[in-house]
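The values are calculated or read from the model by the stated rules, or taken from the named source; none is laboratory data. Small disclaimer: the values here were computed from a predicted structure and weren't measured. Using ideal geometry, Cβ is built from the backbone for each residue, glycine included, and neighbour counts are taken over all protein chains shown. What goes into the accessible areas is simple: the full protein's heavy atoms, side chains included, and nothing from ligands, DNA or RNA. Shrake-Rupley method; radii C 1.70, N 1.55, O 1.52, S 1.80 Å.
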Amino acid sequence: AEKLEEQGNVSFKAKCYGETVGLYTNAIELEPTESAYLTNCAAMHMALKKFSPTLDDCQQAATLQSAAPATMTLVRLERCQLALGAPTPAVSTRRGAAALAKGARSAHVQSRRYA
């Protein structure tokens, strides 16, 4: 799965997004609990303006990251919700992302204070 992700990263840099989606999808099939593969695939679907698959990937990734969802996962999720005409869930998702970002900034300030 890691090799497929690496190949996907190379394909992404070459802007071969369709190929990249396939590589990340294969990585997900081999390791379905690795949220990084889902978020990478979501980014490619988003670049191709395929918002339904992006939404699915982001929702699965957010579920896997439930203890500490990545801000970027939530940002992509929000964008998909808006693109698919679901503003109410998008507002909720944005609030979650904002709370995470605020918490991260607060933790950073605290760590600098005690350094």
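Within region 18-35, name every residue whose backbone N is under 18 Å away from a label modeled 7 Å from Cα of Ala1 along the Cβ vector. What the label zone holds, given the 18 Å backbone N cut-off, is 21-35. Considering only Cys16, Cys41, Cys58, the mean-square fluctuation computed in a Gaussian network model of the chain, springs between alpha carbons under 10 angstrom, is largest for Cys16. Over all orientations, the chain has a Cα convex hull whose mean projected area works out to 8.1 square nanometres. The order of Leu4, Leu38, Leu82, Leu48 by accessible area, most exposed first and with a 1.4 Å probe, is Leu82, Leu48, Leu4, Leu38. The residues of the chain have, on average, 62 Å² of accessible surface per residue, using a 1.4 Å probe with all protein chains present.
Split the accessible area of region 26-84 by element, probe 1.4 Å, and carbon with sulfur accounts for 54%. For the chain, find the longest principal axis of its Cα atoms and tell me its angle to the long axis of helix 51-64, 0 to 90°, nearest 10. Result, in degrees: 60.
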